[in-house]
1. Restricting to the stretch B:46-57, what's the tally of residues that are in a helix (DSSP H, G or I), without any contact (Cβ under 8 Å) to a residue 60 or more places away in the chain and of a type outside the set (A, V, I, L, M, F, W, C)?
2. Identify, please: which residue in the stretch A:1-17 is more than 14 Å from chain B (Cβ to nearest Cβ), hydroxyl-bearing (Ser, Thr, Tyr) and near DNA strand C (Cβ under 10 Å from one of its atoms) and is, among those, nearest to residue B:110 (Cα to Cα)?
3. Can you confirm whether the stretch B:187-207 contains a residue that is out of contact with any Lys or Arg (no Cβ under 8 Å at 6 or more places or on another chain), in a strand (DSSP E or B) and outside the structural domain of residue B:122 (by TED's automatic domain parsing)?
4. Among the residues of the stretch A:77-112, what is the count of those that are in a strand (DSSP E or B) and in contact (Cβ under 8 Å) with a residue 60 or more places away in the chain?
5. So which of A:227, A:253 ends up being part of a helix (DSSP H, G or I), at pLDDT 95 or above, touching a strand residue (DSSP E or B) at 6+ places or on another chain (Cβ under 7 Å) and within 14 Å of another protein chain (Cβ to nearest Cβ)?
6. I'd like to check something: does the stretch A:298-308 contain any residue that is within 14 Å of another protein chain (Cβ to nearest Cβ) and either in a helix (DSSP H, G or I) or surrounded by 15 or more Cβ atoms within 10 Å (Cβ to Cβ) (or both)?
7. What number of residues within the stretch B:153-187 are under 16 Å from the mean Cα position of the chain (by Cα), at pLDDT 95 or above and not charged (D, E, K, R)?
8. For residues that are touching a residue at least 12 places away in the same chain (Cβ under 8 Å) and within 14 Å of chain B (Cβ to nearest Cβ), scanning just the stretch A:113-129, find the one that is nearest to the chain's Cα centre (by Cα).
Number of protein chains: 2
Amino acid sequence: MTTISDVATHAGVSIATVSRALSNYGRINPTTREKVLTSVGALHYSPNRSARNLRRNQTGVILILTPNMTNPYYASILTGISDTATLHGSAAFICNTLDDQDRTIAALDRLRQHQADGAILLSTDTDSTWLDDYAADFPLVLCSEFLPGHDIAHVSIDNRAASCDVMRYLLGLEHTRIAHLSADNTYQSTLDRLAGYRESLIAAGITPVPEYVVYGSPDYSFSSGKAAAQALLDLSEPPTAIFCISDTLAMGAVVAAQEAGLRVPDDISITGFDDVAVNEVIRPQLTTLAQPCYALGVTSATALFALIGHEPTPLEHVLDHHLVIRQSSGIKTVRV
Amino acid sequence: MTTISDVATHAGVSIATVSRALSNYGRINPTTREKVLTSVGALHYSPNRSARNLRRNQTGVILILTPNMTNPYYASILTGISDTATLHGSAAFICNTLDDQDRTIAALDRLRQHQADGAILLSTDTDSTWLDDYAADFPLVLCSEFLPGHDIAHVSIDNRAASCDVMRYLLGLEHTRIAHLSADNTYQSTLDRLAGYRESLIAAGITPVPEYVVYGSPDYSFSSGKAAAQALLDLSEPPTAIFCISDTLAMGAVVAAQEAGLRVPDDISITGFDDVAVNEVIRPQLTTLAQPCYALGVTSATALFALIGHEPTPLEHVLDHHLVIRQSSGIKTVRV
DNA sequence: TGTATTTGCGTAAACGTCTACATCAGCCAT
DNA sequence: ATGGCTGATGTAGACGTTTACGCAAATACA
């Protein structure tokens, strides 16, 4: 294990000079600097981060907490965060929390232990109010979700407006019996999308039917979406359109409809949410509301580094969304 | 920021005593220990990891390098690794390398910088021979893949035997025109599966047809699988079965067959590989060769901690696989 | 009672880096 | 020649832990 003093000896200078050569801080003769860098190369020297972090009191590491990293929705977000971290000379390490509070807390405690400079949380329940304690002491950014009324920085789209956009589209296709396939969790996005759904119906003069709001599993699983959609199709007066709050749930709904002998979109329209890449796998391809995932990641990381650097940054960042119309939706037709 | 000496002052003891109370090392009076722990709680003290790591010369962190973390194949592997790391009192941080060599090297350099104790690599090209330099100096384990002829610890299934199992099954269904949908990468598993395919054909007295071996993209993308399968179906004498080396490729093949007006499995049999969870999304459900993903993760991590602790561990770990027969395969029928 | 052992705790020196300060050589202006 | 300046480098202390060592008190044993 070669240390800075090995390099100093090899180059015939003091450790202070080596440090200056490497960090380009303070005065140093360019010739000396070259000599030191040559020694660094010859000895394959890398600074010991533990020592550096201890001395500098910062780690060059940010943590990304995700409940389920294989959710394709996260792919671009993670890339956006990583790219931004690299730009700031930091590393982005991902912690798989599996939605387990102990694991989440264990990961966040790394902040208190000076093993990371800040953290970005992907997905936050509205009942995770204990987060305030961490946000008060450490740089923290919530991505995609947020806790209304709490002073924690967050980045997301306007889920209620996005929901209204989906509804405006479906209503424009002359659908009136529109169901909402939600999820059994307390994410703010879930609540906002439901609110947008209800508002839009009422604004269109349609009385919301309680039976038309059904719930998939908290993690939007395909099978739960399929089961919930089956319940909708079994109603005496089934909907002609299903507005699903995730693409995976929508895939489940498509399969449920197909197994019930319905053609999508001829007999029933189904829309998703997020526009994840695996959408290409299912036929018909999903009409869905696209989130700017890469930008969500970049914006979250940028906000986090602002917090770490004690620079001003708004508490709330709202990014644009857009509707992507594909094959799974169409104008309402009379069921044969 | 409270330090060990704050705790010492609060508890009325020396910092050495606080350290002993926390690490449970050396002699300490239980009463004193309690007193210290009370102070620790009162002051919300957490040890500074940088300082501890510097002193102990170990970090309690292992790195997982993945080219594409949303690949569902990795989900259980990652969980297996994380669980094992927790058991060893370590944290498992994931680095998204996006198959980029610079990012991979940057991540591995964290080992040299004393910011991690070891690393597990998910997916390794057979041309990544530069890895030897790292493996010689640091604890490294390759999971799923490996570099034949290199002294780097690895954990995987026997891909050639697994490939033969798939072929035995398809041959047993009386298929003789069996195609192999491979991937355009240099993973050892890819080579082994191809070898098993060829061997099985020859052992069955069937002459391999070069046109029956086609390639999807290096990362097994759905669309590349679909395109490659279309090429197979366009042959003057198309195969009656397609053995795909990943589930995603198989999904592409299924869609290609369906779009060509073929029924799966009545007109053509299609098999996948890995048995990823998203399989439930596609109909018909895939017959596939299941890898013991969680066990792969656990075994990799266990081997890594053995290396870190300088305990003996075999260089090669081979885990069991098994064939899962579902709906996408069936006995060969004469095409109409 | 005296000696040997055990127990509990404090002192101080490391771990490898950064950086304020000191030092020193060279230069210029007086 | 003297003093002041600048630039380049070295010295040494700090960051927060851990832990070898030493010492005093308590205990054990004769």
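1. Summing the residues that are in a helix (DSSP H, G or I), without any contact (Cβ under 8 Å) to a residue 60 or more places away in the chain and of a type outside the set (A, V, I, L, M, F, W, C) in the stretch B:46-57 gives 5.
2. A:5
3. First, pick out the residues of the stretch B:187-207 that are out of contact with any Lys or Arg (no Cβ under 8 Å at 6 or more places or on another chain): B:187-191, B:194, B:197-198, B:201-207.
In the following step, the residues that additionally are in a strand (DSSP E or B) were identified as B:187.
From what is left, the residues that are outside the structural domain of residue B:122 (by TED's automatic domain parsing) are B:187.
Among the residues of the stretch B:187-207, at least one is out of contact with any Lys or Arg (no Cβ under 8 Å at 6 or more places or on another chain), in a strand (DSSP E or B) and outside the structural domain of residue B:122 (by TED's automatic domain parsing), which makes the answer yes.
4. Let us first name the residues in the stretch A:77-112 that are in a strand (DSSP E or B), namely A:91-96.
Those left that are additionally in contact (Cβ under 8 Å) with a residue 60 or more places away in the chain: A:92.
Count: 1.
5. Working: A:227 fails: touching a strand residue (DSSP E or B) at 6+ places or on another chain (Cβ under 7 Å).
Result of the check over A:227, A:253: A:253.
6. Pass one, the stretch A:298-308, residues within 14 Å of another protein chain (Cβ to nearest Cβ): A:301.
Still in the running and either in a helix (DSSP H, G or I) or surrounded by 15 or more Cβ atoms within 10 Å (Cβ to Cβ) (or both): A:301.
Yes, the conditions are met somewhere in the stretch A:298-308.
7. 6
8. In the first step, residues of the stretch A:113-129 are kept if they are touching a residue at least 12 places away in the same chain (Cβ under 8 Å); the result is A:114-129.
Subsequent filtering for residues that are within 14 Å of chain B (Cβ to nearest Cβ) retains A:114-117, A:119-120, A:122.
Numbers: A:114: 24, A:115: 23, A:116: 20, A:117: 19, A:119: 13, A:120: 9, A:122: 4 Å.
Checked the stretch A:113-129; the qualifying residue nearest to the chain's Cα centre (by Cα) is A:122.
The values are calculated or read from the model by the stated rules, or taken from the named source; none is laboratory data. All values reported here derive from a predicted model rather than from experimental measurement. Cβ coordinates were reconstructed from backbone atoms using ideal geometry, including for glycine residues, and neighbour counts include every protein chain displayed.
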